[in-house]
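A.B. asks: Okay, here's the structure, questions in a sec.
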Amino acid sequence: MILITGPLYSGKREYACALLGCGPEELAGRAVWDVQDRAADCADLDALAEELARYEVVTAAEVGGGVVPADPGERAAREAAGRLACLLARRAERVVRVFCGLPQVLK
């Protein structure tokens, strides 16, 4: 599995298409997007990470930077998203951060 992370609209999808040599239509069957949204209400992040690691490509938008939310629920959702990203990074064969359309290989 390849984990691609980066800010919203940073070119993650385009990079995944180029990496896999496919178009957006085919990519939908080989990748899963915005997994950080699945972490918020998840009771077992390890099980979720195992499930997501079955895809060729997993993308997670970076959500931890910036102002810390005042709402406890929003803070918990960000923490869960960060923990999920760490679990996925451990399982990934490769981790790439895309920023301004430029890929940076982290692992």
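The values are calculated or read from the model by the stated rules, or taken from the named source; none is laboratory data. Just so you know, these numbers come straight off a predicted model, no measurement behind them. Cβ sites come from the backbone with ideal geometry, for glycine too, and all protein chains shown count toward neighbours. Heavy atoms of the whole protein, side chains included, go into the accessibility calculation; ligands, DNA and RNA do not. Shrake-Rupley method; radii C 1.70, N 1.55, O 1.52, S 1.80 Å.
A.B. asks: Please give the Cα centre distance for region 1-58 versus region 61-89, rounded to the nearest Å.
C.D. replies: So the two Cα centres are separated by 17 Å.
A.B. asks: Local charge sum around Lys12 (other residues, Cβ-Cβ under 15 Å, Lys/Arg +1, Asp/Glu -1)? List each step's numbers first, then the result.
C.D. replies: On the way: positive: Arg13, Arg30, Arg94, Arg97; negative: Glu14, Asp34, Asp37, Glu56, Glu62.
Here the count lands on -1.
A.B. asks: Once label points are set 7 Å from the Cα along Cα→Cβ at both Ala40 and Leu106, what is their separation, rounded to one decimal in nm?
C.D. replies: Roughly 2.2 nm, to one decimal.
A.B. asks: Accessible area per residue of region 15-78 at 1.4 Å probe, in Å²? Please list the in-between numbers first.
C.D. replies: On the way: 3650 Å² over 64 residues.
The answer is 57 Å² per residue.
A.B. asks: Go through (i) 28; (ii) 53; (iii) 17 and flag the label whose value is the computed percent of Cα pairs over 25 Å apart for this structure.
C.D. replies: Of the labelled values, this structure produces (iii).
A.B. asks: So, one more: What's the carbon and sulfur percent of region 1-95's accessible surface, probe 1.4 angstrom, rounded to a whole number? List each step's numbers first, then the result.
C.D. replies: On the way: 2720 of 5330 Å².
Carbon and sulfur together cover 51 percent of it.
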